[in-house]
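I have placed the structure first, in the form of structure tokens, so that the comments after it can refer back to it.
The values are calculated or read from the model by the stated rules, or taken from the named source; none is laboratory data. Not measured: the values here are computed from a predicted model. Cβ: placed from backbone, ideal geometry, glycine included. Neighbour counts: every protein chain shown.
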Amino acid sequence: MKIALLGYGKMGKAIDELAQAAGDETVLRVSSGNAGRLTAQALHSADVAIEFSRPETAFGHIRLCLEAGVPVVSGTTGWLNQMEEAKQICARLGGAFFYASNFSIGVNIFFALNRYLGQMMARQQQYDVEIEEVHHTQKLDAPSGTAITLAEALLEQLPGKEHWVGQGPAGPSALRIASRREGSVPGTHTVTYTSALDAISIRHEAFSREGFARGALQAARWLVGRKGFYGMEDMLGLLH
């Protein structure tokens, strides 16, 4: 598989290392220092693009890939206000676009558990819920895309919760997301339900970036030859 890496930070380098070990070829590496190399012509040498860049560049990268007819896998967070437009471009051009806020297989099982637990807790009004996420100090966005994914799933399940908040006061209709930035933590997410009598928590802790990188490569291989918009639930066969 020939890969274009759009974004060559820690995640891009981890994906590159795993791809080479698997016998894949990275034909294009784009970072902020050589952004001019990213053209439709350069993309045509790749079977698939993997996009882990910055919130301000992600949408432009995705659009260029779709316009060039190159399947694109993206894990960049912080730009999702443009997601619907990206999906529309994908549909209009008959392209292939795979997005996940987190490519870890374990995290996506955690997402499914979160939805299932939310369904059960919807009938238990004595509990309030909060999400906590902890990441390394270099992470650019807060809350994390993974925490937002967890929160949005719960907003669909829990009566009385109408929106999530990351900063400032949170009334009873708000779902609080607490964000902490510490050292080199790859990512820890905890969902906690608390009543006057007890607390119930589910938690996922990443030990390294390798799980994210492996999931992104798996998604890239899965996407080649397909058309449409997909997520990890589609690839893993998890319940939406």
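Return yes when residue 230 is surrounded by 18 or more Cβ atoms within 10 Å (Cβ to Cβ) and assigned by TED's automatic domain parsing to the domain that holds residue 53 and no when it is not. Yes: the conditions hold for residue 230.
Screening the candidates 224, 191 for the property of being in the same structural domain as residue 93 (by TED's automatic domain parsing) and either at pLDDT 95 or above or within 30 Å of residue 18 (Cα to Cα) (or both) yields one hit, 224.
Note on region 148-240: enclosed strands (runs of 3 or more DSSP E) holding 2 or more residues that are of a type in the set (Val, Ile, Thr) are 188-194, 199-205.
The residues in region 82-103 that are modelled with pLDDT under 95 and either among the aliphatic types (A, V, I, L, M) or within 16 Å of residue 153 (Cβ to Cβ) (or both) can be counted, and the count is 3. When region 157-179 is examined, which residues are found to be under 18 Å from the mean Cα position of the chain (by Cα) and more than 23 Å from residue 126 (Cα to Cα)? The one that is under 18 Å from the mean Cα position of the chain (by Cα) and more than 23 Å from residue 126 (Cα to Cα): 179. Among the residues of region 157-171, the one identified as touching a residue at least 40 places away in the same chain (Cβ under 8 Å) and either on the phi > 0 side of the Ramachandran plot or surrounded by fewer than 19 Cβ atoms within 10 Å (Cβ to Cβ) (or both) is 157. Between 178, 174, 122, 213, the distinction of being out of contact with any strand residue (DSSP E or B) (no Cβ under 8 Å at 6 or more places or on another chain), over 30 Å from residue 5 (Cα atoms) and surrounded by 14 or more Cβ atoms within 10 Å (Cβ to Cβ) belongs to 122 only. One residue is enough: does region 35-52 have a residue meeting the conditions touching a Ser or Thr at 6+ places or on another chain (Cβ under 6 Å), part of a strand (DSSP E or B) and of a type outside the set (Phe, Trp, Tyr)? Yes, region 35-52 contains a residue that is touching a Ser or Thr at 6+ places or on another chain (Cβ under 6 Å), part of a strand (DSSP E or B) and of a type outside the set (Phe, Trp, Tyr). Residue 111 meets the conditions (1) farther than 17 Å from residue 153 by Cα; (2) buried (at least 22 other Cβ atoms within 10 Å of the Cβ); (3) not charged (D, E, K, R) in every case but one. The failed one is (1).
Kindly indicate whether residue 73 is under 18 Å from residue 228 (Cβ atoms) and part of a strand (DSSP E or B). Please lay out each step first, then the result.
Details: under 18 Å from residue 228 (Cβ atoms): yes; part of a strand (DSSP E or B): yes.
Yes: the conditions hold for residue 73.
Filtering 58, 19, 46 for residues that are closer than 29 Å to residue 136 by Cα and without any contact (Cβ under 8 Å) to a residue 60 or more places away in the chain leaves a single hit, 58.
Just one of (1) in contact (Cβ under 8 Å) with a residue 24 or more places away in the chain; (2) under 23 Å from residue 173 (Cβ atoms); (3) touching a strand residue (DSSP E or B) at 6+ places or on another chain (Cβ under 7 Å) fails for residue 115. It is (3). Look through region 2-60, keep the residues that are touching a helix residue (DSSP H, G or I) at 6+ places or on another chain (Cβ under 6 Å) and surrounded by fewer than 18 Cβ atoms within 10 Å (Cβ to Cβ), and return whichever of them is nearest to residue 80 (Cα to Cα). Among them, the one singled out is 40. Of the residues 213, 206, 220, 153, the single one that is in contact (Cβ under 8 Å) with a residue 12 or more places away in the chain, within 19 Å of residue 14 (Cα to Cα) and touching a helix residue (DSSP H, G or I) at 6+ places or on another chain (Cβ under 6 Å) is 213.
Here residue 132 meets the list (1) crowded, with 16+ Cβ neighbours inside 10 Å; (2) over 17 Å from residue 111 (Cα atoms); (3) touching a Ser or Thr at 6+ places or on another chain (Cβ under 7 Å) almost entirely, failing just condition (2).
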